[in-house]
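Everything on this sheet refers to the single structure shown next.
The values are calculated or read from the model by the stated rules, or taken from the named source; none is laboratory data. All values derive from a computational prediction rather than experimental measurement. Glycine also receives a Cβ, built like all others from the backbone with ideal geometry; neighbour counts cover every protein chain displayed.
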Amino acid sequence: MAVRRIDETERRARLAARHRLHPKHRASDAVDAARSLVCLHGTDAASVYLSAWARVDDFTTDDLDRMLYTDRSLVKHMAMRRTVFVFAREILPVVQAGASTRVATMQRRQVVKDVEKAGLYRDGEQWLDEVSGHVLQALSGGREATSTELRAAIPLLDASIDYGIGKSWGGRVPFAPRVLTVLSAEGKVVRASNRGSWRVSRPTWTSTESWLGSEIEPCDEADGVRALVESWLRVFGPGTEADIKWWLGSTLTAVRAALAELDVVEVDLDGRPGYLLSDDVDEPAPVEPWGVLLPSLDPTVMGWAERDWYLGPYKDDLFDSNGNAGPTAWWDGRIVGTWWQSDSGSVELHLLEDIGADGRAVLEQEATRLDEWLGGVKVMARFPTPLAKELAGATEGKPSRRSSP
């Protein structure tokens, strides 16, 4: 049987409805948006809200706050690639088994190693177990506390390590956030109320059991990995083994084992083998051209390791040196520019190529829509990209090497 070829045009067309980016295929609310994408990226506080805004009509920050902190139908949880994501709570068991526990094991090992290397405690494992017990006790019964408050309340937690000794950039790094990282990845504690605005992450912590009403239900690791791979294929497929491995933050062995157990078919991605679920091989229904503005670290932008088919030649402009994506402007399934805010807070569009009058008009309309939604509130990028720095410099009178087509 011949292997079906799926070209870049078809891959881009799949994004319109699946990723809830086309105006006629919006999500009903932020929970629906998170489910549609497996999760929303939660590293940058504002990006969670802006990713939801791009996909949910009439979205407000209060809507997402309610789902995160009142209904708790959405949960911030550390998972793939040691990254915080926002998940619909029902998927937590497979996320914990398929991704988070692996992260916890690696982080625990590193903390123990650093504690012993710094000479703080001879038995780092014993120290970590003991201090973790104190933290869990302090957060029991629905009590919430910040990392700083926990350090003040638990002397054993108030440990630090020196870095960059003798360097101007050196200093001391507390272990408290790293202990909380381990406990979070283990599924024992969770980010609770946020003491900052929707644009700033100042989380309090509490026990998972008190926040959700129960512990995360146990799940077999292989079952968790398989469920996550299936979810990824449903949303992001087709993709390569390298794409899945990167997104999952796992190993090729684990990915191949999951693919072997799933009902998948191999497809040709311009000479590279890719995979689709066997019930998902039909071409997507045609839609009218569409445009959208997405924030830094949006799950669509960060969905694949191999991005040329939607990113084109713009990696050096729109990603920082660590691989973090900045704000992007999309036209009909591919990235064609960025958006940024002036000193006054107004949303400005910057295209990297000529997409024609119709495309520019749609994206300018999206910029106006986002500008009205933000109402002059500035969103500070946590990971500024080279182009973002250049555009910011241009507002300060520094020369820019180009202008928007």
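Values for this structure:
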{"quantity": "Every residue from the range 322-334 that is part of a strand (DSSP E or B) and under 16 Å from Pro386 (Cα atoms)", "calculated": "Ala325, Thr328, Ala329"}
{"quantity": "In the range 208-236, residue farthest from the chain's Cα centre (by Cα) [restricted to those that are among the small types (Gly, Ala, Ser) and more than 30 Å from Ala145 (Cβ to Cβ)]", "calculated": "Ala222"}
{"quantity": "Output for the range 382-405, where each listed residue is over 17 Å from Ser344 (Cβ atoms), outside any helix (DSSP H, G or I) and at pLDDT below 90", "calculated": "Arg382, Phe383, Pro384, Lys398, Pro399, Ser400, Arg401, Arg402, Ser403, Ser404, Pro405"}
{"quantity": "Residue within the range 282-292 that is more than 16 Å from the chain's Cα centre (by Cα), within 16 Å of His41 (Cβ to Cβ) and not β-branched (Val, Ile, Thr) present", "calculated": "no"}
{"quantity": "Those residues of the range 136-163 which are in contact (Cβ under 8 Å) with a residue 60 or more places away in the chain and not small (Gly, Ala, Ser), in sequence order", "calculated": "Leu136, Leu139, Arg143, Glu144"}
{"quantity": "Helices (runs of 4 or more DSSP H) wholly inside the range 3-109 that include at least 2 residues being closer than 26 Å to Tyr275 by Cβ", "calculated": "8-18, 30-36, 92-95"}
{"quantity": "Test: residue in the range 193-213 that is in contact with a Pro (Cβ under 9 Å, 6 or more places away or on another chain), aliphatic (A, V, I, L, M) and at pLDDT 95 or above", "calculated": "no"}
{"quantity": "From the options Pro286, Pro299, residue that is at pLDDT below 95, under 29 Å from Leu50 (Cα atoms) and not assigned by TED's automatic domain parsing to the domain that holds Asp371", "calculated": "Pro286"}
{"quantity": "Of all residues making up the range 10-68, the number that are touching a Gly at 6+ places or on another chain (Cβ under 6 Å) and either without any contact (Cβ under 8 Å) to a residue 60 or more places away in the chain or crowded, with 23+ Cβ neighbours inside 10 Å (or both)", "calculated": "2"}
{"quantity": "Flag for Gly271 being free of Cβ contacts under 8 Å to residues at least 40 places away in the same chain, more than 30 Å from Ala357 (Cβ to Cβ) and out of contact with any Gly (no Cβ under 6 Å at 6 or more places or on another chain)", "calculated": "yes"}
{"quantity": "Leading residue by the ranking (surrounded by the fewest Cβ atoms within 10 Å (Cβ to Cβ)) among those in the range 228-243 that are part of a helix (DSSP H, G or I) and either without any contact (Cβ under 8 Å) to a residue 24 or more places away in the chain or among the small types (Gly, Ala, Ser) (or both)", "calculated": "Ala242"}
{"quantity": "Which listed residue, of Trp330, Trp340, is surrounded by 14 or more Cβ atoms within 10 Å (Cβ to Cβ) and within 22 Å of Phe236 (Cβ to Cβ)", "calculated": "Trp330"}
{"quantity": "Residues being small (Gly, Ala, Ser) and modelled with pLDDT under 95 - total across the range 303-322", "calculated": "1"}
{"quantity": "Whichever residue in the range 271-290 is in contact with a strand residue (DSSP E or B) (Cβ under 8 Å, 6 or more places away or on another chain) and under 20 Å from Trp232 (Cβ atoms) and, among such residues, is surrounded by the fewest Cβ atoms within 10 Å (Cβ to Cβ)", "calculated": "Ser278"}
